[in-house]
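To start, the structure itself, in structure tokens.
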Amino acid sequence: MAVRPTEKWRTDADVLWGRPEPLVDLIDEALRAFEGEVASLGDASDEKVFDVIRRVVVELNILDHEHGAGFDEVDRAELCEFIEATLTEHGIDVPALAKRRGIEPSEITDEWREW
């Protein structure tokens, strides 16, 4: 199972120093909701899959703007890796999904990501 970045962040004092525990809880909640949505996708269309990706990215954008999450380059990479790994674990072929949209797998969040 994909490990939510928040699990790692909770054990990293430097991260928690700059990001209060209640904010980590909110981020974790958004990632858990994403996991639940992905689990219920089944054999969904590409558009439905991208809708789920969009929702979690927009929620993370909101948390970043409203609470100053301050995602750095490592955080961004971990969040994107988590999104891709979660999709893959639930049977979504991310490279094929991205190819059908004319993008690279690493770009599946780019359309909405502000962090």
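The values are calculated or read from the model by the stated rules, or taken from the named source; none is laboratory data. Bear in mind the structure is a predicted one, so any value in this text is a computation, not a measurement. Reconstructed Cβ throughout: ideal geometry from the backbone, glycine too, with neighbour counts over all protein chains shown.
With the condition kept exactly as written, say whether any residue in region 35-44 is assigned to a helix (DSSP H, G or I), at pLDDT below 95 and surrounded by 12 or more Cβ atoms within 10 Å (Cβ to Cβ). Scanning region 35-44, I find no residue that is assigned to a helix (DSSP H, G or I), at pLDDT below 95 and surrounded by 12 or more Cβ atoms within 10 Å (Cβ to Cβ), so the answer is no. If you check Ala2, Ala96 for being among the small types (Gly, Ala, Ser) and touching a helix residue (DSSP H, G or I) at 6+ places or on another chain (Cβ under 6 Å), only one passes: Ala2.
Count of region 14-28 residues, restricted to those that are part of a helix (DSSP H, G or I) and either modelled with pLDDT of 90 or more or closer than 14 Å to Asp64 by Cβ (or both), is 7. Every condition in (1) touching a residue at least 24 places away in the same chain (Cβ under 8 Å); (2) loosely packed, with under 14 Cβ neighbours inside 10 Å; (3) under 10 Å from the mean Cα position of the chain (by Cα) holds for Ala77 except the one numbered (1).
Taken over region 93-115, the criterion of being part of a loop (DSSP other than H, G, I, E, B) and within 15 Å of the chain's Cα centre (by Cα) is satisfied by Ile108, Thr109, Asp110, Glu111, Trp112, Arg113, Glu114, Trp115.
Scanning region 90-115 for residues that are basic (Lys, Arg) and either loosely packed, with under 15 Cβ neighbours inside 10 Å or more than 25 Å from Phe71 (Cα to Cα) (or both) turns up Lys99, Arg100, Arg101. Using the structure shown, decide if Asp25 is touching a Pro at 6+ places or on another chain (Cβ under 8 Å), acidic (Asp, Glu) and on the phi < 0 side of the Ramachandran plot. Against the criterion (touching a Pro at 6+ places or on another chain (Cβ under 8 Å), acidic (Asp, Glu) and on the phi < 0 side of the Ramachandran plot), Asp25 does not qualify. Among the candidates Ala69, Ala85, the residue that is part of a loop (DSSP other than H, G, I, E, B) and among the hydrophobic types (A, V, I, L, M, F, W, C) is uniquely Ala69.
Evaluation of Thr11 against the conditions (1) in a helix (DSSP H, G or I); (2) over 21 Å from Glu114 (Cβ atoms) shows that the sole unmet condition is (1).
Annotation note: of Phe82, Phe71, the sole residue that is closer than 17 Å to Glu114 by Cβ, surrounded by 13 or more Cβ atoms within 10 Å (Cβ to Cβ) and of a type in the set (Phe, Trp, Tyr) is Phe71.
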